[in-house]
Structures are given as structure tokens and as C-alpha cells.
1. Return the distance in nm (one decimal) between the two label points of a simple spin-label model at T367 and E219, each offset 7 Å from Cα along Cα→Cβ.
2. Under 24 Å Cα to Cα from K380, which lysines show up? Leave out anything in the same chain fewer than 8 places away.
3. Please give every one of the lysines within straight-line cross-link reach of K177, meaning a C-alpha to C-alpha distance under 22 Å, and leave out same-chain neighbours fewer than 8 residues apart.
4. Hey, can you rank 298-311, 5-18, 148-161 by average C-beta count inside 10 Å, highest first?
5. Neighbour counts of other C-beta atoms within 10 Å: give me I99, I86, I76 arranged from fewest to most.
6. Extending each Cα 7 Å along its Cβ direction at F138 and N48, get the distance between those two points in nm, one decimal.
7. At 0.36 nm per residue, and after removing the present C-alpha to C-alpha distance, how many nm does the segment from R352 to E418 gain when stretched out fully?
8. Where the only charges are on Cβ atoms (+1 Lys, Arg; -1 Asp, Glu), what is the dipole of segment 83-182 about its Cα centre, to the nearest 20 debye?
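Since every read-out is calculated from the coordinates, none of them should be taken as a lab result. Owing to the predicted nature of the structure, the values given are computational and were not obtained by experimental measurement. Cβ atoms come from the backbone with ideal geometry, glycine included; neighbour counts cover every protein chain shown.
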Amino acid sequence: MLPVVAIVGRPNVGKSSLLNALLGRRYAIVDDMPGVTRDRVSAPVEVNGRWIELVDTGGIGIVDQQQLEEHVEAQIEQALAICDAIVFVTDAREGCTPIDRDIARALRKHEVPIVVAVNKTESKSAQGAFAEFAELGFESFSVSALEGDGLDELRGWIAAAAEERGAGGPPPEPVLKVAIVGRVNVGKSTFLNALAGEERAIVSEMPGTTRDTVDLRIEKDGRTILVMDTAGIRRERSVQGSVDFYAQRRAEQAIQRSEVCLLVLDCTEDITRGDRQIARFVEDAVKPVVIVANKWDLAKGRMETEQYADYLSKKLTGLHYAPIAFVSAKEGKNVFAALETAESLAKQGRERVGTPQINRAIERAMTESRPPTRMPREPKIYYGTQTGTSPPTIMLFVNDPRLFGQAFRRFLENRFREVLPFKEIPLRIVYKRRKSIFARKEA
């Protein structure tokens, strides 16, 4: 376990900006609108040779438009309960406020090192307000998360606090990265919480509750699995404002970072255009997918699993090969079985097969069907070989790539799945032009 450093403070003082600055990359969503951060957003980082876990939290005293104040406060309290040090962020432009003083009094009950990061000290007037924060009773540093000023001194304090708490080496590299995706309000955060065994992400009936991607590291059989809960992906025309935009981009980035996606569906509802859009997005990213039929406890009396599987194969035609996990995230049923299925798909994606095996599969496929073409030349595949994994990539050397359309590509993928060890995952097929050794004779 890494030492945990919690970043706390009232809304809009720059906590997420400070997290990003300490990480050296844009990780948490930053916006001028107060209350953007709701869940605990955490990430491991090396600070002056010491590895720690930084945890960004929502604003203390937030007034949330969706009335999630109690949930946000609970997330903050959980962060404070597990942390080994606290960075209390304030705003130099506004000076030391009554809310800052209230927060300072509340933090004193936590018997861990506490430092005040007086943020937004870019101007001389703001720098002049730095002395006001001495009344809070903690060591203070003048910083600018925007400009990077004062961060070296703050890093030094964090490293010293981490050393006092027994900081170790870097966290183990995950053996698997899984992204939980789906449209809003299908139960993604409930699924994450079931894996975590605690409220790691806020769950609400209000759509769009999750904004940042929430990373959860799970230790399973001595191995680390990284599970990423994402904001509900919307249709582009439904994205409103910068917060929705960045939440959408974070979700898309999580899909790209992942090795396997868990596509969560609400099986008490019909498949929507949004579900199909996300399925296509994952399909285009060539990611293995476990279709998670959530809320099965509410739907199983209405249909059998085979019926629902048939229904999905007709509605999500591009993912007809993907396995289905029937779960109840709220009751915690089968959530780990879905994760085990994801591990199985990742294993398939890492498989390699020999060129002779691929060529036998090509020969069998070509005896069944040949690519339709309007061109005078006949499409020919000379041979194929596997050139990559995750996803398995098969390069086919052909006389002319233009002779092979999308329909034949799908046909080949399906035939390869039947005879190669890639039965439940997507394949990438690449055509490459190559002249036949008999080209002169044919001419």
C-alpha cells in the first residue's frame, strides 16, 4: 500500500489543478464551475524519489446542482479516513475565509501531517495575502498550480511526510486494465463499488453523476488489476458545456488505455441508440468486450438468458462474438465473474498462432466464399501471418487490397474465430499488396 496524500479544500480553490500539476499531466477535469469534482480521483506518483497516491476530492461545503452534497461529503470523509497526510488548498485571491477556518478546525482531529497550499499566488496582491493563512495554524506554502510556482517546496514537504509514513517503491504494474463503459445511469459506478467493496464512486439516480474517470486497483490472486469507471458516454450533440466535453474525452481515453472493456447495459430497458453508439466506438477501437447485462435480478423473470443473448446479437451486430455476463451490481452478484471473463479475453488477445495455421484457415475460408468484385482481376490471397497481439493482427499478402471489401473482411474474421484461438475477441486484418512469384507467367 502506498502512503495516501489527500488534497482537500473548499470549492473552486484549484484542488484538481494542483493534482494535475503534481502529476505533470492533465488527469482530473478542471473547470471554473464550482463542484466539478465529486468522486475521489486518485493516481500514484513519484515525488522526490518517494511513491505516493494522490487523492483529489470534491469541495468541502459544495452546493451541488444535482443535490449530491451528502455523497460528495462522504467521499471526502473516506479520503480523510485513509490518508497519511493532507494538503489543504486555499485561494490567495480571496484571502482566508470563514469556511477555510472551519475546515482547519475540522482537520485538526486527524492525527496526520497537514500543510496549507495557498494557491493562485500569481499576482503581487495575492502574494501579499499569503500571511493571512498563518492563523490556520499549519505550515504553509505559496503555490501556483497554473504557473508551477512553489511546487518544488510542496513536493519536498509531501516526500518528507511520505517517508515518515513508510513510503516504498513504485506500485506494481497492472496485469490487466479494464474500462467500464456505457451510457448514463446504467449502473457503472454501482458495478465499480461492488468490486471495491465500498462506495468508491458516487451512485445516484441522477444521470451524469460521474464526471472524472475513477481508477480502482484490485488485488486478485497476488496480481493487480486496474479498473476504470468512466462517465456515461453521450451522443456528441447531447454533450453540453466543457465539463461534459472533458468527461466524454476522459471516457474515450480510458477505452484507449484499456485492454478489455466492460460494456454495461441496463437489461430492464431496450437497447438504445446510445448503447449502439458506444458499442461501435469500442468496436472501432478494436477492444475485446464483455457485455455486462446489469440489473438481471429485475429482468430474469421476464426472459431467459438465451433470449436476451439472441436479442443482443440482433441489436449489437458488431459485437455478436462478445461474451455476456448477467450481473446484479447492486447485489454484488457475478461482478467478479465478469472480471474473470475480461481476464480470459485479455489472454485470448495475447495469443500467437503460427503462419501454417493461419494459411490453413485462409484456404478453408476461400473454398467457402470468394470476395465479390466488379474489377476484371480475380482477388488472390498469397499467404497470411500474425504480426501483432492485443488485438491479434493478421496481415494478408494479396494481389490488390482494393479487391477485398468490408463484407469479405467480416467473413474472414468470423472464419478465423472459428478455427483460431480468438473466438470471443475482435481481430485486426491488414491487407498488403504483394506481387505473385508467378506474375510474369500470369502476364
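1. Label at T367, label at E219, 5.4 nm between them.
2. K432, K435, K441
3. Here the lysines satisfying the reach criterion relative to K177 are K188, K220, K287, K333, K347, K423.
4. On the way: 298-311: 12.6, 5-18: 24.6, 148-161: 17.2.
My ranking of the peptides, most packed first, is 5-18, 148-161, 298-311.
5. Least to most surrounded, the residues fall as I99, I76, I86.
6. Calculated label separation equals 1.7 nm.
7. 22.2 nm
8. For this selection, approximately 280 debye.
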